[in-house]
């Protein structure tokens, strides 16, 4: 004799419950295999993407009042790491009492010294750099115009030279550049007790034997 076959009754409610259980198990397994990134991981990833976008073209700006020499090593490291274009710009601000192309030997000598030091730091680190000196009535406008011409992604500025403005590391020109620039602006104020933003190869070469 053939054993009787038990009747199986399938109800809509049973099907729904089975589908819910299967979906829950499947979702749990997927979550275990694809854990959500942490907040820190998301922030780090966003920062890396922003850095890649930000440092395509760099300008380090100098003027008789803005000393960016302590920012050059950082600029070189950014340019080297991201293979960015690097321009060191010195603005000689010509007063309205003089012709626009007036000879200003002291300021032009300072420009040569600052850009020469910038070029040395870049060469020591095998980074390609361009240097440029411009004469302008306004340092702010000159920096912004060059940044527009170069399609700069980042302008790097130092602070006012020590002793020029008592107790004020940032001044009006830097604030105006930062406020009106169409790209990111990085401002570095050198610490009272030295700075880590230096070129180690130059420092080693300057130590007495």
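The values are calculated or read from the model by the stated rules, or taken from the named source; none is laboratory data. The shown structure was predicted, so the numbers you read here are calculated from the model rather than taken from an experiment. So basically every Cβ, Gly included, is an ideal-geometry build from the backbone, and we count neighbours across all protein chains shown.
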*Every residue from the range 96-124 that is crowded, with 17+ Cβ neighbours inside 10 Å and in contact with a helix residue (DSSP H, G or I) (Cβ under 7 Å, 6 or more places away or on another chain)*: 114, 118, 121, 122
*For residue 76, state whether it is in contact with a helix residue (DSSP H, G or I) (Cβ under 9 Å, 6 or more places away or on another chain), surrounded by 19 or more Cβ atoms within 10 Å (Cβ to Cβ), part of a strand (DSSP E or B) and at pLDDT 85 or above.*
no
*Might you check whether a residue that is at pLDDT below 90, closer than 20 Å to residue 174 by Cβ and part of a helix (DSSP H, G or I) occurs anywhere in the range 105-124?*
no
*Output yes when any residue across the range 87-95 is assigned to a strand (DSSP E or B), surrounded by 13 or more Cβ atoms within 10 Å (Cβ to Cβ), modelled with pLDDT under 95 and under 21 Å from the mean Cα position of the chain (by Cα), and no when none is.*
no
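Does residue 164 qualify as being within 18 Å of residue 75 (Cα to Cα), surrounded by fewer than 15 Cβ atoms within 10 Å (Cβ to Cβ), at pLDDT below 95 and out of contact with any helix residue (DSSP H, G or I) (no Cβ under 7 Å at 6 or more places or on another chain)?
Here the answer is no, as residue 164 does not meet what is asked.
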*Hey, residue 64 hits all of (1) farther than 26 Å from residue 151 by Cβ; (2) out of contact with any helix residue (DSSP H, G or I) (no Cβ under 9 Å at 6 or more places or on another chain); (3) at pLDDT below 90 but one; which does it fall short on?*
(2)
_So residue 173 ticks every box in (1) exposed (fewer than 12 other Cβ atoms within 10 Å of the Cβ); (2) in contact with a helix residue (DSSP H, G or I) (Cβ under 9 Å, 6 or more places away or on another chain) but one. Which box is left unticked?_
(1)
